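What follows is a short report on a single structure.
The values are calculated or read from the model by the stated rules, or taken from the named source; none is laboratory data. All figures in this text were calculated on a predicted structure; none of them were measured in a lab. Cβ coordinates were reconstructed from backbone atoms using ideal geometry, including for glycine residues, and neighbour counts include every protein chain displayed. Keep in mind that these areas ignore ligands, DNA and RNA; they rest on the heavy atoms of the full protein, side chains included. Shrake-Rupley method; radii C 1.70, N 1.55, O 1.52, S 1.80 Å.
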Amino acid sequence: MTLFMNACALLVNVLTLPLHIAAVIGLASFYKRFFPRFVYNFTLAYNEMMKEKKRELFRNLDKFFPPKVSLRILELGCGSGANFEHYPTGCRITCIDPNPHFQKYLEKSTVKNDHLVYDSFIVASGENLKAVEDNSMDVVVCTLVLCSVQDTQKVLQEAKRVLRPGGALFFLEHVVSDPSSWIYFFQHVLQPFW
């Protein structure tokens, strides 16, 4: 099975070679423009599938409301705002994403979710939250992001830095599947592509 997976991974690398070459010579900017559209469309179906899981994840957000002010949420890797519908009314949202092309889709989500106050969209990676002050957030949200960052430890350190004392990190991550499953097979075959 390992030999077969390695052969399939090699095939994926060969098939995606033009993308790697385009990235090296600087022609891959189209990906940064295409990816937000794909995520926005994918999110519509994915959110329906994950609605109960996300409702469960965010059910305790109310416990972190500071007295007499709005709950301040920093969403790392906000993408197109897929989590907004699960946030309590009146939250102030600061969004961070390294891809500036998500802003157009994020604005569509803010219109749909008018129960929230949209503070800002900051183009930055999770490892570099210099634009966010120390102890300034009540909650940091990070869903399906840690698998794609360069330095997970640094992202978690930055999240801790911006959280107020008593604040919380809410995260949801996908993990490697059972080795006897097809999902595991595809995770390993497609890993070089990611």
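The portion of the accessible surface of region 56-102 made up by carbon and sulfur, rounded to a whole percent, is 52 (1.4 Å probe; DNA, RNA and ligands excluded).
Between amide H atoms placed 1.01 Å from N, distances below 5 Å from residue 118 occur with 93, all of them 5 or more places distant or on a separate chain.
Please enumerate, by chain and number, the aspartates and glutamates with C-alpha under 15 Å from the C-alpha of residue 160, excluding those fewer than 8 residues away in the same chain. Counting by Cα, and skipping residues close in sequence, residue 160 has these aspartates and glutamates nearby: 75, 127, 133, 134, 138, 151. If you plug the beta carbon distance of residue 17 and residue 68 into 1/(1 + (r/R0)^6) with R0 = 41 Å, you get a FRET efficiency near 0.10.
In a fully extended conformation the segment linking residue 60 and residue 181 would gain 40.2 nm over its present Cα-Cα distance, using 0.36 nm per residue. Multiplying the residue separation of residue 171 and residue 4 by 0.36 nm and removing their Cα-Cα distance gives an extension gain of 56.7 nm. Close amide H pairs (under 5 Å, H built 1.01 Å from N) link residue 168 with 139, 140, residues at least 5 positions away or on another chain.
From most to least packed by mean Cβ count within 10 Å, the peptides 104-117, 79-92 give 79-92, 104-117.
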